[in-house]
Amino acid sequence: MVHLILEKVHKSSNDKLYSSALFLDVQGAFEKIFHQRLAEIMTTNNFPPYLVDWVQSYLLDRSVWITDGAASELSFTPIQVGIPQGSPVSPFLFNVYSSSLCHNHQRLGVELMVSYVDDYCLLAISV
């Protein structure tokens, strides 16, 4: 990712053009994923129905026991939003969920948009 960005910046500099980059990190990205919306995005992007069903099953009926060391809840709390952090499929699911961010970058005057999970770079080059 870094090599690609530097290559574009170097080329634009050689062509006497200016480059501007915006780097973004989505804070708490995994915990803000709405399960139903993820299923809609997967369906719209022609994922096979069995895969959409598997992901929904994977996210369904998750719960957590909350404690602060001194006190704890009496029962498990259902998790309605978010995907498990640390799971090997979670980065992929987040990329699917946020894929619409990457579709129209050229129309906005952005030369390059790259992402790695919840980190983004938008690169604009003068004309």
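Worth pointing out:
- With respect to the conditions (1) surrounded by 11 or more Cβ atoms within 10 Å (Cβ to Cβ); (2) at negative phi, Val117 falls short on a single one, namely (2).
- Out of Leu112, Leu93, Leu59, one residue alone is touching a Lys or Arg at 6+ places or on another chain (Cβ under 6 Å), surrounded by 11 or more Cβ atoms within 10 Å (Cβ to Cβ) and either modelled with pLDDT under 90 or more than 28 Å from Tyr18 (Cα to Cα) (or both). It is Leu112.
- Unique match (being over 23 Å from the mean Cα position of the chain (by Cα) and either open to solvent by less than 80 Å² (accessible area, probe 1.4 Å) or within 30 Å of Leu123 (Cβ to Cβ) (or both)) among Gly86, Gly69: Gly69
- Scope segment 51-85; condition assigned to a loop (DSSP other than H, G, I, E, B) and either aliphatic (A, V, I, L, M) or closer than 26 Å to Leu101 by Cβ (or both); matching residues: Leu60, Ile66, Ala70, Ala71, Leu74, Gln80, Gly82, Ile83, Pro84, Gln85
- Pairs meeting the criteria (first residue in segment 72-85 and within 15 Å of Val117 (Cα to Cα) and modelled with pLDDT of 75 or more, second residue hydrophobic (A, V, I, L, M, F, W, C) and part of a loop (DSSP other than H, G, I, E, B), beta carbons under 9 Å, at least 6 apart or on different chains) are Gly82/Ile33; Ile83/Ile33; Ile83/Val89.
- Verdict on Ser12 being open to solvent by less than 80 Å² (accessible area, probe 1.4 Å), modelled with pLDDT of 90 or more and touching a strand residue (DSSP E or B) at 6+ places or on another chain (Cβ under 7 Å): yes
- Being within 24 Å of Leu4 (Cβ to Cβ), part of a helix (DSSP H, G or I) and under 18 Å from the mean Cα position of the chain (by Cα) is a condition met by no residue of segment 33-50.
- Filter result for Leu22 (closer than 22 Å to Cys102 by Cα, in contact (Cβ under 8 Å) with a residue 24 or more places away in the chain, surrounded by fewer than 15 Cβ atoms within 10 Å (Cβ to Cβ) and more than 15 Å from the chain's Cα centre (by Cα)): yes
The values are calculated or read from the model by the stated rules, or taken from the named source; none is laboratory data. Treat the numbers as computed from the prediction; the structure is a model and nothing was measured. Note that we place each Cβ from the backbone using ideal geometry, even for glycine, and neighbour counts take in every protein chain shown. Keep in mind that these areas ignore ligands, DNA and RNA; they rest on the heavy atoms of the full protein, side chains included. Shrake-Rupley method; radii C 1.70, N 1.55, O 1.52, S 1.80 Å.
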